[in-house]
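Nothing in this text is a laboratory measurement; each read-out follows from the coordinates by a stated rule. Computed from a predicted structure; not experimentally measured. Cβ atoms come from the backbone with ideal geometry, glycine included; neighbour counts cover every protein chain shown.
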Amino acid sequence: MTLVFPPVKLGPLPWDWSRTCVFGVVNVTPDSFHEGGRHPTVEAAVAHALALADQGAEVIDVGGESTRPGAQPVPLAQELERVLRVIRALAGRLRVPIAIDTYKAEVARAALAAGATLVNDVSGGLLDGEMLSVVAAAEATVVLGHLRGLPATMQEKIVFGDVVAEVIVELKQRVRRAITAGVRPDRIWVDPGLGFGKRADQTLVLLDALGRIREEVGYPLLVGPSRKSFIGAVTGQSVAERLIGTCGAAAVAVIRGADGVRLHDVGELLPAVRVADAIRRASAP
């Protein structure tokens, strides 16, 4: 049986789950694995965000620290400076919600005050003990990601017995911690963390098992396959060449049960997402 979620708010907007939600990525970092240095000014980042919304993104996800494997932490003040200028410039101009992509509570707090309404935390609240309280106080929507360790070292010691079962257990734990901290259950999404502390083969297994993860965790599922290393492991292609591979992964994610997909290339990939969406919903009981 397919789990059906009741209508909720996606940030300030109503969301009825009638289609897969598309998060458009805006990285204001010089070392992001794909967009590093592409938006060196506030004006460039804002223009990119507005373009993504025009292309069909339903959430704009702004990040100021790269979480690619091996990425080094960014000082708090620097991350704040990067993201707040962009979020303030976008607030009131976008017709879609703004998410802040961070695992730091102070960054989330400031971003929510500046106009963001969602928090996308790759660690699911584990790397900063204040994060869930900040989300709860703001009545924000949160995406609880799955990650073991730190981005800088997450690929060094990867140990899973059953990657799907363990990710399910750990996502459930993150959800319980969030609810205990006061986060509203109807504001919680989960993300299995494709490529975050997982080998390529483990990531492929997770992608294939999204339906099981969604059903067993019991919360909306955001998936981020965009241009990631598991695509390169399969195709032998560089990050710049992984658009078509991302198209395949995003389509499978939707068919398997993702409620949202996080993409760099919204305009190019939205038709594939919508076709996959139509197939999934046509075959639903």
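Judged by the mean number of other Cβ atoms found within 10 Å, the most tightly packed of the peptides 243-249, 114-120 leads the ranking 114-120, 243-249.
Using the Cα coordinates of the range 158-199, the gyration tensor eigenvalues translate into equivalent-ellipsoid semi-axes of 23, 10, 8 Å, sorted from longest to shortest. Neighbour counts of C-beta atoms inside 10 Å place HIS146, HIS48 in the sequence HIS48, HIS146, starting with the fewest.
Here the Kirkwood formula, the inverse mean of 1/r across different C-alpha pairs, assigns the chain a hydrodynamic radius of 18.6 Å. Positive contributions from Lys and Arg (+1) and negative ones from Asp and Glu (-1), summed over other residues with Cβ under 9 Å from the Cβ of LYS9, come out at 0.
Cross-link reach is defined here as a Cα-Cα straight distance under 19 Å, omitting same-chain residues fewer than 8 places apart; for LYS104 the aspartates and glutamates meeting it are ASP31, ASP61, GLU65, GLU79, GLU81, ASP121, ASP128, GLU130, GLU139, ASP191. Roughly how many whole Å is it from the C-alpha centroid of the range 111-188 to that of the range 207-257? Spelled out, the Cα-based centre of one part sits 19 Å from the other. For the chain, a crude dipole built from +1 on the beta carbon of Lys and Arg and -1 on the beta carbon of Asp and Glu, taken about the Cα centre, is about 300 debye to the nearest 20. Multiplying each eigenvalue of the alpha-carbon gyration tensor of the range 87-191 by 5 and taking the square root yields semi-axes of 26, 15, 12 Å, largest first, rounded to whole angstroms. With contacts taken as Cα pairs under 8 Å and at least 6 residues apart, the chain reaches a relative contact order of 19 percent. Listed by Cβ neighbour count within 10 Å, with the fewest neighbours leading, ASP259, ASP277, ASP16 appear as ASP16, ASP277, ASP259.
What the phi angles of the range 108-116 give under the Karplus curve with 6.51, -1.76 and 1.60, with θ = phi - 60°, is a coupling list of 4, 4, 5, 5, 5, 5, 7, x, 6 Hz, glycine and proline written as x. Which whole-number percent of Cα pairs in the range 69-147 have a distance greater than 19 Å? For the range 69-147, the share of Cα pairs beyond 19 Å comes to 32 percent.
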